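The values are calculated or read from the model by the stated rules, or taken from the named source; none is laboratory data. All values reported here derive from a predicted model rather than from experimental measurement. Counting neighbours? That spans all protein chains shown, and the Cβs are built from the backbone with ideal geometry, glycine included.
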Amino acid sequence: MTSATKSAATRRPRRSGKKEGFRKDHRINWWLTAVVAVFSLTILVPLYFTIVTALKTPAEAGTFSLPTTWEWHNFVDAWNYIDYPKAALNSAIITVVAVCLTLLTNTFVAYAVARNMDKRFFRFLYYFFLAMMFVPFTVIMLPIAHEMGSLHLDNQLGLMLLYTILGLGSNLFIAIGFIRSIPVSLEEAARVDGAGTWRIFWTIIFPLMGPINSTIAIITVLWAWNDFLLPLITLTDQSNQTIPLAQYVFQSQFTSNYPMAFASYLMAMAPVLIVYVFAQKWVISGVMRGAVK
Amino acid sequence: MANARKKKVSRFSTRKVDPAFYWMTVPAAILVCIFLYWPFLQGAFYSLTNSQGYGSWDFIGLKNYIAMFSDSRVGHAYLFTIVMAVIITIAQNFLGLFLAVLLNSRIAFKNGFRAIYFIPYTLGVLVIGYVFKYIFMVPLPALGQALGIDWLSTSMLTNPDLAWFPIVFLSVWQGVAYSTLLYLAGLQTIDTEVYEAAEIDGVNAWQMFWRITFPLIGPFFTINMVLSLKGALGMFDQVVALTGGGPDSKTETVSYLIFSNGLGNGEYAYQMANAVTFFIVLAVLAFVQLKFFSSKEQI
């Protein structure tokens, strides 16, 4: 494996020096580019439709044409109607706390399991946590709704806890391989210098986990921000609504004014979309890293 | 290998573990028990009772399970969920692989297109589902009327025979992004020298894909199939956004049925029996799928 990649690495510069190889690597297939562009319309057209509909009058909505008058006040109306700042703040707080808790806890669970796989107890824990991924949420939906109520966790705090705990299985799955690739010698050197396990984790391992931490953070942000089912069954108080839940609650009242509804959909997508536009390379490579491991 | 054989007494080492490692894991394990395994066992227990989710209850043994098997609504939900999941899984993987190969080829603006194709992954299913609901309700029937296409001139969402299509469409539209990304990750693990060598040997593009590319991304195909089937079987947001289970309960998935009747209609114990059955069905499907693909990969 390593010898093959090495030989490839040493051979490649020589190859690209040749005129033919150079030309081949940079030849662009415009036919394929056109096909890809046409297919990308399946994604861009619905987004375009969302934007133009959000800017129309109710009478004009329903076509793909540009609005004749640009009704920017639809955004203001939707903002006030669903109390956007409140829902957005709720979603933001839940998402941020869930991500921080996840990063600060799931990482050391993964570290402890990864470093002690030769012990029966930790080997058991490994399968215990991985098995979480095979319990579909549907199965615990009803009892967990009751449990959160009886523990008085039917609020934002409960949601943050659930995101932190229920994500553990897949986060562990993503992180363990990475941790095992970090050489133990680093830790041994620190241990000789008198550092304890916790100290070693926070000062050496956690910083080294940077790339995988960003993967976990991206996945958790997208899950917590866009999730609908967990808030639906967990949050009993209307004033705790997250953004997707607010869309659900107001959906039946939107029917008379679709442009306003679309303005509110757009505002629900906007925060993540804006971050994505500026950080798409980082987001894509982060999610990809979780896939390859 | 040699090391493992030497330790005949136990394959686990006897070295002492720093107590800090227990502090790192045991509290997490307890929390997982409280918030995942315990509710699961509790639900399984209640499936043997006549509980409505509140108040008193009695043991009724397996009556809930027996009643389920003659309940046509439950049966339809299982049939609908499984058939839709199979359609979605196939469509998602076919399109995902197709798009990944395209995005990995020598096209212009590669990163830009990659960013566009990944947008759906960042959107919430419910919200984009409402957008599609409107598209299926207003502009599409208008288009159907203008073109004189009969089945398209009324909303598919209210047509009992066609209401499944928008649900499949939304699932695939949103889910194909992640499949594409997984396949793209797989394609990038292939050394381009393999293709250069094949090109010298005069292999055509079709052979190149089926004889070289596809076998090399085999593990990514397996994980993609497993993940997309798992996601499609748990389908919930799509149904809420588009049809609400209608028309005439025709588009109810198992998750949707468990939610709507278990929390609202006082069928707590009955729907818990449904959930436990669903768990068993999913476990069997996952097992069969993994067996099937791991045997394929060895060939």
Return the residues of region A:105-133 that are within 11 Å of A:Phe173 (Cβ to Cβ) and surrounded by 22 or more Cβ atoms within 10 Å (Cβ to Cβ); say none if nothing qualifies.
A:Asn106, A:Ala110, A:Val113, A:Phe129
Please find, within region A:134-154, the residue that is nearest to B:Tyr270 (Cα to Cα) out of those that are buried (at least 17 other Cβ atoms within 10 Å of the Cβ) and more than 7 Å from chain B (Cβ to nearest Cβ).
A:Met148
In region B:231-260, which residues are touching a Lys or Arg at 6+ places or on another chain (Cβ under 7 Å) and farther than 15 Å from B:Ser72 by Cα?
B:Ala241, B:Leu242
Would you be able to say whether some residue in region B:146-158 is buried (at least 20 other Cβ atoms within 10 Å of the Cβ), of a type outside the set (Gly, Ala, Ser), assigned to a helix (DSSP H, G or I) and away from chain A (no Cβ under 14 Å)?
yes
Exactly one of these conditions fails for A:Ser239: (1) touching a Pro at 6+ places or on another chain (Cβ under 9 Å); (2) within 30 Å of B:Ile258 (Cα to Cα). Give me its number.
(1)
Might you check whether a residue that is under 30 Å from B:Pro19 (Cβ atoms) and either over 13 Å from the mean Cα position of the chain (by Cα) or surrounded by fewer than 22 Cβ atoms within 10 Å (Cβ to Cβ) (or both) occurs anywhere in region A:279-293?
yes
Taking the stated definitions as given, is B:Thr251 over 29 Å from A:Ala291 (Cα atoms), in contact with a Phe, Trp or Tyr (Cβ under 8 Å, 6 or more places away or on another chain) and at pLDDT 90 or above?
yes
Those residues of region A:109-167 which are free of Cβ contacts under 8 Å to residues at least 60 places away in the same chain and of a type in the set (D, E, K, R) amount to A:Asp118, A:Lys119, A:Arg120, A:Arg123, A:Glu147
Can you pull out the residues in region B:144-176 that are farther than 30 Å from A:Phe278 by Cβ and either in contact with a Leu (Cβ under 7 Å, 6 or more places away or on another chain) or of a type in the set (Asp, Glu) (or both)?
B:Gly144, B:Asp150, B:Trp151, B:Leu152, B:Met156, B:Leu157, B:Asp161, B:Ala163, B:Pro166, B:Ile167
Let me confirm something: among B:Ile107, B:Ile128, B:Ile200, B:Ile167, which residue is surrounded by fewer than 22 Cβ atoms within 10 Å (Cβ to Cβ) and more than 7 Å from chain A (Cβ to nearest Cβ)?
B:Ile200
Positions within region B:219-269 being under 11 Å from the mean Cα position of the chain (by Cα), free of Cβ contacts under 8 Å to residues at least 40 places away in the same chain and closer than 30 Å to B:Leu187 by Cβ, in sequence order:
B:Gly234
Taking region A:49-88 and keeping residues within 14 Å of chain B (Cβ to nearest Cβ) and of a type in the set (D, E, K, R) leaves A:Lys56, A:Glu60
Working carefully through the options B:Thr251, B:Thr277, find the one that is more than 30 Å from B:Val101 (Cα to Cα), more than 8 Å from chain A (Cβ to nearest Cβ) and outside any helix (DSSP H, G or I).
B:Thr251
Those residues of region B:39-68 which are exposed (fewer than 15 other Cβ atoms within 10 Å of the Cβ), facing chain A (nearest Cβ under 10 Å) and part of a loop (DSSP other than H, G, I, E, B) amount to B:Tyr54
Could we say that B:Leu162 is in contact with a helix residue (DSSP H, G or I) (Cβ under 9 Å, 6 or more places away or on another chain), farther than 24 Å from A:Ile219 by Cα and in a loop (DSSP other than H, G, I, E, B) here?
yes
